[in-house]
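Structure first, then comments.
The values are calculated or read from the model by the stated rules, or taken from the named source; none is laboratory data. Just so we're clear, the structure is a prediction, and the values are computed from it rather than from any experiment. Note: ideal-geometry Cβ built from the backbone for every residue, glycine included; neighbour counts use all protein chains shown. Accessible surface areas use protein heavy atoms only, side chains included; no ligands, DNA or RNA. Shrake-Rupley method; radii C 1.70, N 1.55, O 1.52, S 1.80 Å.
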Amino acid sequence: MLRTRRELLRDGARLGAGAALAGPLAHGAAATAVAEAATSAPYAAGLRSLTDEVRLPHLEIDGRLPSWLRGVLVRNGPALFEIGEQQLNHWFDGLAMLHAFAFGAGRVSYANRFLRSSQYLEYKRTGKMAYSEFGTDPCKAIFSGVTSLPVLGKVPNANVSIERLGARFTALTEMPVAVRFDPKALKTLGADGVLPTGRLGTAHPHHDPKTGERFAYEVELVPPTMGLRVLAWSRAGVRRELAFIPQDRPGYLHSFALTARYVAVIAQPFTFDLGKFLKPDRGPIVTNYGWNGSEPARVVIVDRARGGVVATAEVDPFFVFHHVNAYDDARGRVVIDLCAHRDSGIVDALYLKRLRRAGAKVPQAVPRRITVDPASGKAEVRDLAEGNFELPRVDDRLDGREYRYAYGVGVKDPARSGFIDRVSKLDTARGELRHWDERGAYPGEPVFVRRPGATREDDGVLLSVVFDARARTSYLLVLDARDLSEVARAAVPHHIPFGFHGLHAS
Ligand SMILES: [Fe+2]
């Protein structure tokens, strides 16, 4: 049987790994590696640290990149999962690395660079963890007698997403301070403000594609004002407060929804316990949140133009990281699509020890539509398709507008597999999901790039960084967004640790 070049390359990489084990490694180390492989999930090597910063002018391409594909895909995610001797606990804790795939003339280059956060710089200086992360605090001895509150650096470890405002690129995490960087050299340019105490932000601001306005929120966790503040910035950058929703126990929030008329935020019953947080043994920030499944989730609708809350609808409890999109329908209702988890169990499932273990099971989200009538405050809830769907993206130009297609990732067999192993396309009109998958492939968030001159909503490509568990390396996968057929893939000679979000900039 003829074998494809891809299969030959993969086998070569496997042989290479085997030869390395048999050669320089001692017998004991080889046995340890084998034992680790037996107890680790098949994708666990995608959660190893990547320490090298590289620039590769040309990646080897299998297939043909579209000639119209230009610009750069910039992605963000954790890449270092231990700081000196300290293991980081949670996937969300790893030190931020930026990755850039730059396209032109049918070719693609790759570069990566750690974000020079305060955490990264202190680690380089002292070899130790200095600041608090989502699920890991630094060794308490460092701070004994100083404070029990989280200690934050000036430049946050912004490992979640990327925002672009014209020529200004920033890396974001759930702090209300962004970190500017240069998208070509990936050099960190500094924090965009001063980190306030006890306040969280969002890694998923919205930009109205028509008005140029920017929307975000801040969650205030400590007195005197505790609650959710919804904010807007004009095209000129003038900040305006749209609403403040007081909350005794502020709900965890990762993203929100925007329509042409409204901002919609979910007050979910995964709430912050200030009393616990103020105790000396409070633990990392995430451990101060608790799930209360007897409480509803509340959908809070805020008027964009006038400000203020116009309606609050109560629905059965669920947990959400990501909104897909939202829009105002012809009847004046607010249609909100999101990835709904049954509860906050996903947060615990993403602790690295659990996630890396063989047989790890990760709770999955369903694509769900919540339609709120602002006049009555009533909500209708229905699932958009059967199956699971996460890390959703749409054509950015349709943010807040009626749309049909979303792209995301999912898990083929949630009962057996712990991690994302397919790319999915959601057709909201037909209520269907279709998929791309391949044995041993673990893809990340697919970013949609529209073909110039396209008239169909899904005429373009999806860009997804895939970890190939068999070769233990990663590649950039290019899919036709219409039918998820493969257009090309560009191989990177190392692994790219599983990341979160990115964007394409032309
Ligand atoms: Fe996110």
(request) Check whether at least one residue in region 426-447 is under 16 Å from the mean Cα position of the chain (by Cα), open to solvent by less than 20 Å² (accessible area, probe 1.4 Å), over 22 Å from L350 (Cα atoms) and in contact (Cβ under 8 Å) with a residue 24 or more places away in the chain, and report yes or no. (result) yes
(request) Go through (1) outside any strand (DSSP E or B); (2) at pLDDT 95 or above and name the single condition V265 misses. (result) (1)
(request) Return the residue satisfying two criteria in turn: it lies in region 464-501 and is of a type in the set (V, I, T) and under 21 Å from P42 (Cβ atoms), and of such residues it is farthest from the ligand (Cβ to nearest atom). (result) T473
(request) List every residue pair whose Cβ atoms sit under 7 Å apart, with the two residues 6 or more apart in sequence or on different chains, where the first one lies in region 159-175 and is more than 11 Å from the ligand (Cβ to nearest atom) and modelled with pLDDT of 95 or more and the second, anywhere, is in a loop (DSSP other than H, G, I, E, B) and among the β-branched types (V, I, T). (result) none
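Got a sec? Which of R235, R240, R249 is in a strand (DSSP E or B), open to solvent by 40 Å² or more (accessible area, probe 1.4 Å) and more than 16 Å from the ligand (Cβ to nearest atom)?
Details: R235 fails: in a strand (DSSP E or B); R249 fails: in a strand (DSSP E or B).
Only one candidate passes the filter, namely R240.
Could you check region 31-117 for strands (runs of 3 or more DSSP E) lying wholly inside it with 2 or more residues that are free of Cβ contacts under 8 Å to residues at least 40 places away in the same chain and open to solvent by less than 50 Å² (accessible area, probe 1.4 Å)?
Working: elements: 60-63, 71-80, 95-104, 107-114.
Correct list: 95-104.
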(message) Of the conditions (1) outside any strand (DSSP E or B); (2) in contact (Cβ under 8 Å) with a residue 40 or more places away in the chain; (3) open to solvent by less than 50 Å² (accessible area, probe 1.4 Å); (4) closer than 30 Å to T428 by Cβ, T287 satisfies every one except a single condition; which number is it?
(response) (4)
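Which of the residues that make up region 184-205 are in contact with a Lys or Arg (Cβ under 8 Å, 6 or more places away or on another chain) and either farther than 18 Å from F321 by Cβ or among the hydrophobic types (A, V, I, L, M, F, W, C) (or both)? Break it down into steps so the answer makes sense when it comes.
If we filter region 184-205 for residues that are in contact with a Lys or Arg (Cβ under 8 Å, 6 or more places away or on another chain), which is where we start, we get 185-192, 194-195, 205.
If the condition is that a residue be in contact with a Lys or Arg (Cβ under 8 Å, 6 or more places away or on another chain) and either farther than 18 Å from F321 by Cβ or among the hydrophobic types (A, V, I, L, M, F, W, C) (or both), then A185, L186, K187, T188, L189, G190, A191, D192, V194, L195 are the ones that fit.
Among V177, V160, V151, which is on the phi < 0 side of the Ramachandran plot, of a type outside the set (K, R) and touching a helix residue (DSSP H, G or I) at 6+ places or on another chain (Cβ under 7 Å)? Can you show your working first?
Values: V177 fails: touching a helix residue (DSSP H, G or I) at 6+ places or on another chain (Cβ under 7 Å); V160 fails: touching a helix residue (DSSP H, G or I) at 6+ places or on another chain (Cβ under 7 Å).
Only one candidate passes the filter, namely V151.
Please state which one of R397, R382, R416 is open to solvent by 20 Å² or more (accessible area, probe 1.4 Å) and either closer than 28 Å to L503 by Cα or within 16 Å of the ligand (Cβ to nearest atom) (or both).
On the way: R382 fails: either closer than 28 Å to L503 by Cα or within 16 Å of the ligand (Cβ to nearest atom) (or both); R416 fails: either closer than 28 Å to L503 by Cα or within 16 Å of the ligand (Cβ to nearest atom) (or both).
Checking each option against the conditions leaves just R397.
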(request) Identify the single condition in (1) at pLDDT below 95; (2) within 16 Å of the ligand (Cβ to nearest atom) that V194 does not satisfy, given that it satisfies every other one. (result) (2)
(message) Looking only at residues that are more than 12 Å from the ligand (Cβ to nearest atom) and assigned to a strand (DSSP E or B) in region 312-323, which one is nearest to A406 (Cα to Cα)?
(response) F319
(message) So, P223, is that one modelled with pLDDT under 95 and under 26 Å from V177 (Cβ atoms) or not?
(response) yes
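Condition test on A232, is it of a type outside the set (F, W, Y) and in contact with a Gly (Cβ under 7 Å, 6 or more places away or on another chain)?
On the way: of a type outside the set (F, W, Y): yes; in contact with a Gly (Cβ under 7 Å, 6 or more places away or on another chain): no.
Taking the combined requirement at face value, the residue does not satisfy it.
Looking only at region 326-356, how many residues end up being of a type outside the set (D, E, K, R) and part of a strand (DSSP E or B)? So that I can check it myself, show each step before the final result.
Within region 326-356, the first condition is being of a type outside the set (D, E, K, R), and the residues that meet it are 326-327, 330, 332, 334-336, 338-341, 344-347, 349-352, 355.
Next, from what is left, pick out any that are part of a strand (DSSP E or B): 326-327, 334-336, 338-341, 351.
So the answer is 10.
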